[in-house]
Amino acid sequence: MGSSRAYPVYRTDDLAEAYRRARLLCGRMRPLEPEMWLCARTESVAEARGMAALLPAGMFDPSDYWAAADTWYLGAELPRDDRELAAALPLTVDAYAAPGPVEQAFLRALRGGAATMLWRGAWPDVPGIPSSSADPTNQRVELDLNEAHPDGRHTVYVHFVTADDAGAAHLAAFVGGTVLGPVQVGR
């Protein structure tokens with residue numbers, strides 16, 4: 001994935017509401033890929049096992065790269081011994097999966113850990129909005145979960161190829177939000 005320009009458009013402590021609004025935005029996009037990107041930090045053996053069961057082909061990397069730079073696992077190949085797995089924690093899982101049932105299962109498996117869900121698509125053609133173009137590169141909906149923000153832990157972002165204040169405001173209004181800050185370099 002190349003870098004994009006991301007705008008935070010909705011933030012709340014209500015996980016279900018943040019997810020609902022992210023999916024509303026996804027409904028505005030024309031899907032481009034059959035898979036979405038999922039990323040989560042697992043802090044406990046139970047979290048790692050839950051994510052591995054859900055994402056057996058996901059790559060599990062140590063979050064502290066300087067401590068174990070050459071160690072990574074596929075979800076299906078996590079250490080079977082709980083003590084060995086605990087010694088490898090925290091792990092960050094990175095995976096692609098078909099949208100749909102995996103989304104709710106992913107949210108249940110989190111157990112409060114930090115995570116990101118990202119859907120790629122093409123924004124609708126809306127007059128006066130520059131991002132409505134034939135080139136949908138870097139157009140995305142992102143849901144960041146369990147972040148440390150004083151005004152809510154779950155944030156919905158909209159991504160564009162280049163900065164698009166008008167497009168961000170339009171999409172924020174569509175989900176009852178507002179642009180919450182300046183444009184950022186996205187994932």
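Just so it is clear, none of the values below were taken in a lab; they were calculated from the coordinates. Just so it is clear, the model here is predicted, and its values are computed rather than measured. With ideal geometry, Cβ positions are generated from the backbone for all residues, glycine too; neighbour counts draw on all protein chains shown.
Of note:
- Residue (of 95, 56, 7) at the positive-pole extreme of the chain, dipole from beta-carbon charges: 7
- Convex hull of Cα atoms in the range 13-53, direction-averaged projection (nm²): 4.2
- Here the chain is assigned +1 on the Cβ of each Lys and Arg and -1 on the Cβ of each Asp and Glu. Its dipole about the Cα centre then comes out at about 480 debye.
- Solution diffusion estimate, µm²/s, Stokes-Einstein, the chain, Kirkwood Rh from C-alpha pairs, 37 °C, viscosity 0.692 mPa s: 191
- The share of Cα pairs per 10 Å bin across the range 83-187, counted from zero up to the longest distance, runs 12, 39, 32, 13, 4, 1 percent.
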